[in-house]
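Throughout, read-outs are computed from the coordinates displayed, never taken from laboratory work. Keep in mind that what you see is a predicted model, and the values were worked out from it rather than measured. FYI the Cβ positions are ideal-geometry reconstructions off the backbone, even for glycines, and counts take in every protein chain you see.
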């Protein structure tokens, strides 16, 4: 998985971003930075009614983001989006920190979640797109490394579309 400037991952070619995606990311990054938080991701869910803008933030030092910090970001960010006129019609804003079900993006994510169960979506020569689950060993400049039933599996980083935290097998 490669990143665009600013640390946001490059989107897979089959995902069509909302027209305001880039502007929303820039605005959210600015508002989050002013509160000592880093933008970890921003998703616009146009299939929801009303449309939902999901903003994921984290602290630069890796410590947990509190509910109060998410709430303190939500109001000013919502007001800034309204003031800029970036979205039309009804929409909701969700501010949270990364957790199970979220994509790993930064080098810090890959270090912090080493040993955690992940699902890796990647390009496959024979089937187009495939998924592999295992324990995250890390990533380097060439590969994403997984432990799959005691064996190390290397997936070429250029073929990796997403790495997502999942619940351990046998848990709800």
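Observations, loosely collected:
- Highest-first arrangement of 34-46, 149-161, where packing means the average Cβ count within 10 Å: 34-46, 149-161
- Entry note, region 21-96: relative contact order of 34 percent, from Cα contacts under 8 Å with a spacing of 6+ residues.
- Contact order normalised by residue count of region 107-165, Cα under 8 Å, 6+ apart, percent: 34 percent
- Ranked 116, 110, criterion: other C-beta atoms within 10 Å, fewest first: 116, 110
- For region 36-169: relative contact order, % (alpha-carbon pairs under 8 angstrom, 6 or more apart): 20 percent
- Packing rank of 23-30, 129-136, where each peptide gets the mean count of other beta carbons within 10 Å, highest leading: 23-30, 129-136
- Extending 7 Å from the Cα toward the beta-carbon at both residue 88 and residue 108 defines two label points whose distance is 3.8 nm.
- Peptide ranges 80-86, 142-148 listed from the most packed, as the mean C-beta count within 10 angstrom indicates: 142-148, 80-86
- Fully extending the segment from residue 164 to residue 129 would add 11.1 nm, taking 0.36 nm per residue of separation and subtracting the current Cα-Cα distance.
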